[in-house]
1. Would you confirm, using the coordinates I've provided, whether B:Gly113 is small (Gly, Ala, Ser) and at positive phi?
2. Taking A:Ala173 and the conditions (1) within 14 Å of chain B (Cβ to nearest Cβ); (2) small (Gly, Ala, Ser); (3) over 30 Å from A:Asn137 (Cα atoms), which numbered condition does it fall short on, given that it satisfies the others?
3. What residue, among those in the stretch A:93-118 that are more than 23 Å from B:Leu153 (Cα to Cα) and of a type in the set (A, V, I, L, M), is modelled with the lowest pLDDT?
4. Any residue at all in the stretch B:241-251 that's of a type outside the set (Phe, Trp, Tyr), touching a residue at least 24 places away in the same chain (Cβ under 8 Å) and over 30 Å from B:Gly36 (Cα atoms)?
5. For the stretch A:146-156, which positions are of a type in the set (Gly, Ala, Ser), in a loop (DSSP other than H, G, I, E, B) and under 26 Å from A:Arg322 (Cα atoms)?
6. Condition check: under 30 Å from B:Glu154 (Cα atoms), away from chain A (no Cβ under 13 Å), surrounded by 24 or more Cβ atoms within 10 Å (Cβ to Cβ) and not aliphatic (A, V, I, L, M). Does B:Cys52 satisfy that?
7. Quick check on my filter: what residues within the stretch A:298-343 are at the interface with chain B (Cβ under 7 Å from one of its Cβ atoms), in contact with a Lys or Arg (Cβ under 8 Å, 6 or more places away or on another chain) and among the hydrophobic types (A, V, I, L, M, F, W, C)?
Amino acid sequence: MSKPASDPGEGSADRELTMSRAMVDAIASEMRESEDVFYMGEDVQDYGGIFDSTEGLLDEFGRDRIMDVPISETAYVGAAVGAAQSGMRPIAEIMFADFVGVCLDQVYNQMAKNTYMSGGSVNVPMVLTTAVGGTYNDAAQHSQTLYGLFAHLPGMKVVVPSTAYDAKGLMHAAVRDDDPVVYMFHKRLMGIGWMPAPEGPKTPVPDEDYTIPLGEANVKREGDDVTVVTLGLHVHRALEAADELEGDVDVEVIDLRTLVPFDTETVVDSVRKTGNLVVVDEDYESFGVTSEVTARVAERAPEALEAVERVAVPDVPIPYSRPLENEVNPDSDDIVEAVESLK
Amino acid sequence: MYENVVTARHYEERLQEVYLEGKQPAFDISAGTIPGELHLAAGHEAAAAGVCAHLREEDTVTAPHRPHHVAIAKGVDLRRMTAEILGRETGLCRGKGGHMHLFDPDVNFACSGIIAQGCPPAVGAAMAADKRNEDSVAVAYLGEGAVDQGAFLESLNLAAVQNLPVVFVVEDNDWAISMPQERVTDVHTPAERADGFDMPGVRVDHDDAVAVYEAARDAVGRARNGNGPTLLDVQVHRRMGHFMGDAESYRPDEDSERAQRLDAIERLAEDLREHGVEDAELNEIREDAEERVEDAIEWARDQPEPDPEDAYEDVFVDETAAASGGDD
C-alpha cells in the first residue's frame, strides 16, 4: 500500500462534506489506488448503503468491487477474513452493529485472533464497517452502540469518527492498516436526509488523501476546569454542553477517535490539568468505555484525579418509545449536569 | 380469512398515513406520531391469513420485522398493538418494543427485528410442545431474503432431525430491501431449501389465499399429528417500499406496477363471489374491519406515553437486580 500522506490539516480544504461523503471519498481513493480493495455488504450497490456508506461507488467500480451479498453475515464477513488472509484488503459492512451477533464468531474468533493464533504468520488487513447509535426510536435491536464489545476483545482496532474530516482520514488509515479495523459510524452523523445531523460533523475535507493515525485523540476544545472525554455523536453533545457552561465552568472536550489503540496520554495529561473527569458514552455503562477511561486515569494519575462522573446508557436495552429513549440516551443536559456536579 | 386480509390491508394503509403525520415536509425518521422505522406488509396478507386460519391460541407464531398482518391473523389485540406502535404506556410492550418487536403472550405471538432470528425460538416452542406431549404447533415467518441465513437453515435441520411440529413460512416478495432474489441465491424458489433437509417444501404461487389455506392445512395438520416440519413458501407482492421513506429507486417501475396489479385481496373476493357470497356481505366485513382499525388507532392516540422512569424496569424479572446497574 502507498505510504500515508501527511495530514494537510482541516484549514486547507475549501469544500465541505457530510460524513458519509467523506467516508466514500476515502474508500474510492483507496479503490483507485489498489485493485485489492473491495467492498461487501447488504444494499451497498444500487441502494448505496442504507446510511449512504457506499453512495456513488457502484458507478465507478462496478458490481465486482462493490458487492451486494446475501443476508449471510457469517459467510461474507468470514469471506472477508479469508480474502484478507490471501492478501487482499476487503471492506465488509454490517448494516447495523446490532446484527454483529449473527456473525460474531467470524469477528471475534477469526478476524480478531488469527494473527495472534498463527504466531504472526498470517494477518487480516480488512475493515469492518458498521452503523451504530440510537436517537431515532428504532428500539433495542437497531440502536446499540457496542463500542465496548469490539474494544474489549483483543485483536481488532476500533475507530469512531465524529466529523467528516476525521471520517476520511481514519478510513484511509483503516484501509492501509495491516490489522483488522472496526470502523463504527454513527447514523445520526452521516448527513442522510431522513436523519438530520447536529451542527458539527459536516466539515471542510481536503481533496487529497491524508491519514489520521489510529490512537491519537483530539482535543476539540481546551479548558482548565473539567475534562470531558467522549466519542462519536456525543462529541457534539459535549461541545454543546461546554458552550452552555461557558463562563461558569471551563470545559475541555476530548474526542477519543480510536478506542484501540487508546490514547491514554492525551486523556491523562488533560486530567492532570483539570483534576476532574467526565466520561460520556452512548454504549452501556457497565464494563464499557466509561469504565475503561476512568480506570486508566485512576491508574496513571490518582493524585490528580479529584472527581469522576460517568454519563452512559444505564445498562438497559434501548427502549422504543420517545420519552423512554430520551431518558436513557445521554444528551447535552445530562453532560451539563454531570460537569456541574463536580464543581 | 377475508376479514383478516381486509383488516390487515386497511391497517397498513392507515398506519402509512399516521406515520407521515409530523414528518412533513422534510422527512425526519425520528419525528411525528410514529417514530423509528416502519415496515409495512401490504401485499403479504394471504400468507398470514391462510396459515393462521389453522392455528389455535396456544400455537406459537414468530414474525419478522414486518409483522402486523401476521399479528392480526394470529389474533393479537389490535388496540394494544397500535398503542405499542405509537410508543404508548398501554402498548403490548409498554412502549419498549415498538413495531418490530411485538410480544403478545396471550396468543403466543412474538417478533424479532433481525432477519431469520425468529426461527430458532419457534423450534424451541415446538420442542416444548413435543416434550410435554401437547399437540400445539409453532410457525416461523420469514422473508425470502432470510433463507440464506444460518439461523434459518440450522432451524430446518434441527426441526427435521427431531421431527418437531414446526411450519416455516417464507413470504417471498422477491426483494430483500434493494436486492432482487436472483442476485442473492441460485436456488430457484425458497421451497427448494427443504430438499436438503428431508422435509416437504411446498410453493404457493400468486399469493392465492385459498391455495395458501389448503397448503397450510396440510402443513399444520402434519405438524399437529406428529409428522414433523414443513417449509411453506408463499409468493407475495411488496406493494410499498421496504420501509416508510424508501424511495425504491432501485426497483423497476414494471415490478412495482405488477405488485399493485396482482392483489391477493381482490382475488379472494372474486373467489368468494364465485361461491355465492354477496357483495353486500363482503362490504359489511370490510366496513367492520375499517371500524375496528379506526377504533384501535383512536384508542391508541388517547393513551399516555410512558413515564421516563419506566425505562429502568423490565431488564430483569426482579427489579432490584436492574437497579444495581446504571446511573447512581
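1. Numbers: small (Gly, Ala, Ser): yes; at positive phi: no.
It is false that B:Gly113 is small (Gly, Ala, Ser) and at positive phi.
2. Only one criterion in (1) within 14 Å of chain B (Cβ to nearest Cβ); (2) small (Gly, Ala, Ser); (3) over 30 Å from A:Asn137 (Cα atoms) is unmet by A:Ala173, namely (1).
3. Initial filter on the stretch A:93-118 (more than 23 Å from B:Leu153 (Cα to Cα)): A:111-118.
Within this subset, residues satisfying the condition of being of a type in the set (A, V, I, L, M) are A:111-112, A:117.
On the way: A:Met111: 97, A:Ala112: 97, A:Met117: 94.
Here the answer is A:Met117.
4. No, because not a single residue in the stretch B:241-251 is of a type outside the set (Phe, Trp, Tyr), touching a residue at least 24 places away in the same chain (Cβ under 8 Å) and over 30 Å from B:Gly36 (Cα atoms).
5. none
6. On the way: under 30 Å from B:Glu154 (Cα atoms): yes; away from chain A (no Cβ under 13 Å): yes; surrounded by 24 or more Cβ atoms within 10 Å (Cβ to Cβ): yes; not aliphatic (A, V, I, L, M): yes.
Against the criterion (under 30 Å from B:Glu154 (Cα atoms), away from chain A (no Cβ under 13 Å), surrounded by 24 or more Cβ atoms within 10 Å (Cβ to Cβ) and not aliphatic (A, V, I, L, M)), B:Cys52 qualifies.
7. A:Leu324
Conditions (1) at the interface with chain A (Cβ under 10 Å from one of its Cβ atoms); (2) touching a helix residue (DSSP H, G or I) at 6+ places or on another chain (Cβ under 9 Å); (3) under 20 Å from B:Val184 (Cβ atoms), marked per residue:
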| site | (1), (2), (3) |
| --- | --- |
| B:Gly95 | yes, yes, no |
| B:Gly98 | yes, yes, no |
| B:Leu102 | no, yes, no |
| B:Phe109 | no, yes, no |
| B:Ile114 | yes, yes, yes |
| B:Gln117 | yes, yes, yes |
| B:Ala129 | no, no, no |
| B:Val139 | no, yes, no |
| B:Leu153 | yes, yes, yes |
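The values are calculated or read from the model by the stated rules, or taken from the named source; none is laboratory data. All values reported here derive from a predicted model rather than from experimental measurement. So basically every Cβ, Gly included, is an ideal-geometry build from the backbone, and we count neighbours across all protein chains shown.
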